[in-house]
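Just so you know, all these numbers are worked out from the coordinates, no wet-lab data involved. Here the structure is a predicted model, which means the values were calculated and not measured.
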Amino acid sequence: MASLLVLAACQKKMVTPAPSDTGNDTTSQSEDSSNIALNPADLQDATITSKTPAPSKTTAPKTTSKSTATPTPSPTSKPSPAPTPAGTPPPNPSLAAKAVVKTVTITSKGFSPSSLKIKAGDSVTFLNKDTKPHWPASDPHPLHTICPGFDALKGLKLNEKYTFTFKTAKTCSYHDHLNTSWRGTITVQ
């Protein structure tokens, strides 16, 4: 009852104090908590809550639990890695799959190689070794939408490069935007 008294006083709502020694219950309504006289003995086991929405005048006040402070952790050193089960060797980072960059050379005869298999996360660099400009891009022409982002956006000049990283497993057919009969395929596994 004392907790409801404090809660109601803090929220400026109806207050019902604990019964007095005379056995008379009193009820007071106040819109200003400064007009409420509180007996310190009634507050001994009170629970004070914060950020609790005020109950409406037509509903009963909600009960609350005692609030507890969350302790602030003290700085500690980095935790050591979890041990591996017996008989299981720890992972070797040097054996982890590494992204690979493969090269497709563009010559006066087309793309070489014209067909390539790679893994998701690998990159392909297109290197123009022809004196004419070439523009590698995803099919279909002219939208370049089969493998979004795979589009050099311009013709590559002699010795100019364009690199694209293939992140999704799929087959990406491509062409030279400036000479659409030149075609190739990159299979991403």
ask   = By DSSP, what percent of the beta bridges with both residues in segment 101-188 are antiparallel, rounded to the nearest 5?
value = 65
request  = May I ask which of K98/K170; K98/K154; K98/K132; K109/K167; K102/K129; K132/K170 have a Cα-Cα span longer than 27 Å here?
outcome  = K98/K154; K98/K132; K109/K167; K132/K170
